[in-house]
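Enquirer: Mind having a look at this structure? Questions to follow.
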């Protein structure tokens, strides 16, 4: 049976499914339609492409490539590296964010390709994949990172007919997660004091990271149109990203995930600083930027934070993201519920929060032991 982009034949239902993934402000969303015949499916696909302003010219080359690949034996005899590149270009790349494209391409062409460059698709077995996983562990890579590599291979082999997926039933080590680095209040104050004295241009920005738990790009992408002076709040929706293709920073209209879109209420002190900045730099669209209105470098803001922590005498591996862990820890220690914290910080799942919570719980257990048990000795 010939294959066509976005169209899948559902044998049990005796119908064709047309599925297109589109980018929205809330992230990627799937739009699905069905048809009884292939002719109708192709017609619906064209209508959907026009409706969502997708490039219909791309279909001609993609359909041709897919048609050529219906010969299973051809696919199996391809070099794995060539087949992976073809699969990535057709099935993955156009649906990925720019940052995700870079991640996928690093895994495919810098991690996987050098090892399997002489292998054909059909030569890869479960034993080979397991041996590959074992070799990755010898390089001290984490289980979560290794899983991401094999997951990519597994997705590819799921599209290959005529052989079992060699990435099934792979054995991994249990990933022992290290506790998140969490700063104490005194360490936070020590860091901010150093910044105020030595890097005053970053002081309020870093202060606000601690006060809001925002991600790096969320505050650097904050515009004055999303500052509500009437309600003392900022609206998080846009985010600043670095486009590795254009080598430029740019604003993305939607954040990391749907949960990231939120309003954050600020203290009178924060609002006073924001009023001051707005009066000083009225012509700038971004709240935090250079004097000429151009955005700060994401890397520079992050690296300066780590350097300031080190120079301030904080003997921990501190990164800008540590401010999110500090934010969560302070709320947890004040008995704010996990769902509320998740909403305030824009976490999509509570997994990270539970990891921070475990660390916070250890501190509470120690304090309880000191109060109750140690006093009896």
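The values are calculated or read from the model by the stated rules, or taken from the named source; none is laboratory data. Every value quoted in this text rests on a predicted model; they were computed, and no experiment measured them. Cβ placement follows ideal geometry from the backbone for every residue including glycine, while neighbour counts extend to all protein chains displayed.
Enquirer: Give me the pairs: first residue in region 322-336 and closer than 25 Å to residue 303 by Cβ and not assigned by TED's automatic domain parsing to the domain that holds residue 191, second residue buried (at least 20 other Cβ atoms within 10 Å of the Cβ) and modelled with pLDDT of 90 or more, beta-carbon distance under 9 Å, and six or more apart or on different chains, which are they?
Expert: Nothing qualifies.
Enquirer: Hey, can you tell me all the residues within region 244-265 that are buried (at least 16 other Cβ atoms within 10 Å of the Cβ) and farther than 16 Å from residue 227 by Cβ?
Expert: Residues satisfying the conditions are 249, 252, 254, 255, 256, 259, 260.
Enquirer: Which of the residues belonging to region 238-280 are free of Cβ contacts under 8 Å to residues at least 12 places away in the same chain and closer than 24 Å to residue 203 by Cα? Break it down stepwise before answering.
Expert: Here is the first cut: in region 238-280, the residues free of Cβ contacts under 8 Å to residues at least 12 places away in the same chain are 246-248, 250, 269, 272, 276, 279-280.
250, 269, 272, 276, 279, 280 - these are the residues of region 238-280 that are free of Cβ contacts under 8 Å to residues at least 12 places away in the same chain and closer than 24 Å to residue 203 by Cα.
Enquirer: Can you name every residue in region 313-335 that is part of a loop (DSSP other than H, G, I, E, B) and under 14 Å from residue 180 (Cβ atoms)? Steps first, please.
Expert: Keep residues of region 313-335 that are part of a loop (DSSP other than H, G, I, E, B), which gives 313-321, 334-335.
Matches in region 313-335: 316, 317, 318, 319, 320, 321.
Enquirer: Would you check if residue 288 is touching a strand residue (DSSP E or B) at 6+ places or on another chain (Cβ under 9 Å), under 20 Å from residue 200 (Cβ atoms) and surrounded by 13 or more Cβ atoms within 10 Å (Cβ to Cβ)?
Expert: On the way: touching a strand residue (DSSP E or B) at 6+ places or on another chain (Cβ under 9 Å): yes; under 20 Å from residue 200 (Cβ atoms): yes; surrounded by 13 or more Cβ atoms within 10 Å (Cβ to Cβ): yes.
So residue 288 passes the test.
Enquirer: Filter region 267-277 for residues that are out of contact with any strand residue (DSSP E or B) (no Cβ under 8 Å at 6 or more places or on another chain) and in a helix (DSSP H, G or I) and give the result.
Expert: 268, 269, 270, 271, 272, 273, 275, 276, 277 - these are the residues of region 267-277 that are out of contact with any strand residue (DSSP E or B) (no Cβ under 8 Å at 6 or more places or on another chain) and in a helix (DSSP H, G or I).
Enquirer: Hey, among 241, 234, which residue is closer than 28 Å to residue 196 by Cβ and in a strand (DSSP E or B)?
Expert: 234
Enquirer: Next question. Please verify whether region 348-355 includes one or more residues that are under 21 Å from the mean Cα position of the chain (by Cα), crowded, with 19+ Cβ neighbours inside 10 Å and either within 17 Å of residue 260 (Cβ to Cβ) or at pLDDT below 85 (or both).
Expert: Yes, region 348-355 contains a residue that is under 21 Å from the mean Cα position of the chain (by Cα), crowded, with 19+ Cβ neighbours inside 10 Å and either within 17 Å of residue 260 (Cβ to Cβ) or at pLDDT below 85 (or both).
Enquirer: Would you confirm whether any residue within region 152-159 is surrounded by 15 or more Cβ atoms within 10 Å (Cβ to Cβ), modelled with pLDDT under 95 and touching a helix residue (DSSP H, G or I) at 6+ places or on another chain (Cβ under 6 Å)?
Expert: yes
Enquirer: Please determine, by comparing only the residues of region 117-134 that are surrounded by 17 or more Cβ atoms within 10 Å (Cβ to Cβ) and free of Cβ contacts under 8 Å to residues at least 40 places away in the same chain, which one is farthest from residue 170 (Cα to Cα).
Expert: Ranking the qualifying residues of region 117-134, first place goes to 132.
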